[in-house]
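Take a look at the structure set out below.
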Amino acid sequence: MGLIITPQKSIEEYFERNDLSKSLMTALLKNAGEFVKRRDTEFVRTNAMIIGSAVDTILTGEKGQFEKEYYISEIEKKPSPAEMRIIETVFYMVLDEVKEGESIMNNIHELSFYEEFILAACIELDWNAKHKDETKIKNIIKVGAIYFEDLKKSYGKTIISVEDKMTIDSIVMSLATNPTTSSFFNRDAYKQDNEIDIYYQLPIYFNYRDIDCKSLLDIVIVFKDSSGEIQRVIPIDLKTMEGDTLHFIHKLKMFRYDIQASWYTLALSKYFDVSKDVIENFGFIVESTTLSGRPLHFNCTDELLSIGKSGREELTIHGYLIQKKIKGYDDLIDDFIWHEKNGWEQEKVVAESSGVLELGWNGIIEKNESEYKITTL
């Protein structure tokens, strides 16, 4: 097959499905409320996420897909993510009033025309609740008038600034030409090779512990023998970050990319029906949005993948905390199953303690419900 690029329609279907994903699962690392919020509300992408997604689209998406998905704005400074969401909410309120077949540009006025919608959006999204209504409306019009016009011009696309486009182009050029990373993006070479398949944006749906799950892999390279039997699978994910790529470990820990690496490895073993021994340790290709030109390729160690799956136990010596407990995806699946059975209204540790918690210097000490003794004064 050589080069296999997943059609954009299939990518959109992936995001529409409600199966359990890494990003949704790891919301449980915060609390049950964060999981419910992430599951039930539309996910708002930060500017850094938009840049990373655009890089993915150019390097691993269908030809011409970037132009279909992104609109380059001349705006010098974009509103904040919260302000953009308000302006976008107003836009879609207005859009509901535009009749089918009518021109968006000709039938939608300037942002200042829709003060009632602006106020409604501010209230709905709980933006600057303590400010006066007139102040909220005035501030949104001030920061959002040009962005609102861009929404009209770019209907159906993601808006990026000229500066963002320059950053995206710099990253793409770096990854496509640097000796460390360029081979992953040589589409013509893979088209000619009958014993190597490369998948760009591979969606995988699988079942784990009776839960419907999903993963979307940026790059998967499959080596086959002459009979077509799989010999090796190399999974790769693209990451962008601010600062020096040598410090990627900090981002990995912050966003728990170790869970992603282990979770995606599990997905691949099920998709290709191969043992995990056939799948090489997960790799991250990382480039900087602020210091582009020095991309690095990180391969996860067995230890890192093990932590991503099974976590790491807390270690204390004589009551002193040496290392905190780290949850892996199996721990998060345990939490998910518990909440699906018992509800999402309160945390597991609270429910199992009847609301009486034992507090030590290092935090809450978790015990089974039977171990708690409630003393009445």
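Just so you know, all these numbers are worked out from the coordinates, no wet-lab data involved. What you see is a predicted model, and the numbers here were worked out from it, not measured in a lab. FYI the Cβ positions are ideal-geometry reconstructions off the backbone, even for glycines, and counts take in every protein chain you see.
Just a few scattered comments:
- Assuming charge only on the beta carbon of Lys and Arg (+1) and of Asp and Glu (-1), the dipole of the chain about its Cα centre is about 640 debye to the nearest 20.
- Packing, taken as the mean count of other beta carbons within 10 Å per residue, orders the peptides 180-186, 190-196, 140-146 from highest to lowest as 140-146, 180-186, 190-196.
- Placing unit charges on each Cβ (+1 for Lys and Arg, -1 for Asp and Glu) gives segment 1-58 a dipole about its Cα centre, and among ALA48, ASN31, MET1 the Cα reaching farthest toward its positive end belongs to ASN31.
- Restricting the GluC sites (Glu not before Pro) of segment 1-93 to loop positions (DSSP other than H, G, I, E, B) with no more than 11 neighbouring Cβ atoms within 10 Å leaves GLU42, GLU74, GLU76.
- Stretching ASP225 away from ARG45 to a fully extended chain increases their span by 60.7 nm, per 0.36 nm per residue minus the current alpha-carbon distance.
- With Cα atoms defining each centre, segment 1-52 and segment 176-219 are spaced 18 Å apart in the structure.
- Antiparallel %, DSSP beta bridges [both residues in the chain], to 5: 65
- Relative packing of peptides 211-222, 107-118 - highest average C-beta neighbours within 10 Å first: 211-222, 107-118
- Exceeding the 24 Å Cα-Cα cut-off - candidates LYS327/LYS348; LYS68/LYS152; LYS63/LYS165; LYS68/LYS253; LYS99/LYS136: LYS68/LYS253; LYS99/LYS136
- Additional length obtainable on full extension of the chain from ASN18 to LYS253, 0.36 nm per residue less Cα span: 82.0 nm
- Label point 7 Å beyond Cα of ILE5 along Cβ direction - residues of segment 200-240 with amide nitrogen under 12 Å: 200-201
- Relative contact order for the chain, counting Cα pairs under 8 Å that sit 6 or more residues apart, in percent: 18
- Per-pair calculated FRET efficiency, R0 = 25 Å: GLU102 and LYS68 via Cβ, rounded to 0.05: 0.65
- Phi-based couplings in Hz for segment 24-30 (Karplus 6.51, -1.76, 1.60; Gly and Pro marked x): 6, 4, 6, 4, 5, 5, 8
- Partner aspartates and glutamates whose Cα lies under 16 Å from the Cα of LYS142, excluding those fewer than 8 positions away in the same chain, are identified as GLU76, GLU83, GLU88, GLU110, GLU115, GLU116, ASP133, GLU134, ASP150.
- Sum of side-chain charges, LEU238 neighbourhood, beta-carbon under 10 Å (Lys, Arg +1; Asp, Glu -1): -3
- Amide H to amide H distances under 5 Å link TYR70 with THR158, where only residues 5 or more positions off or on other chains count and H is placed in the peptide plane.
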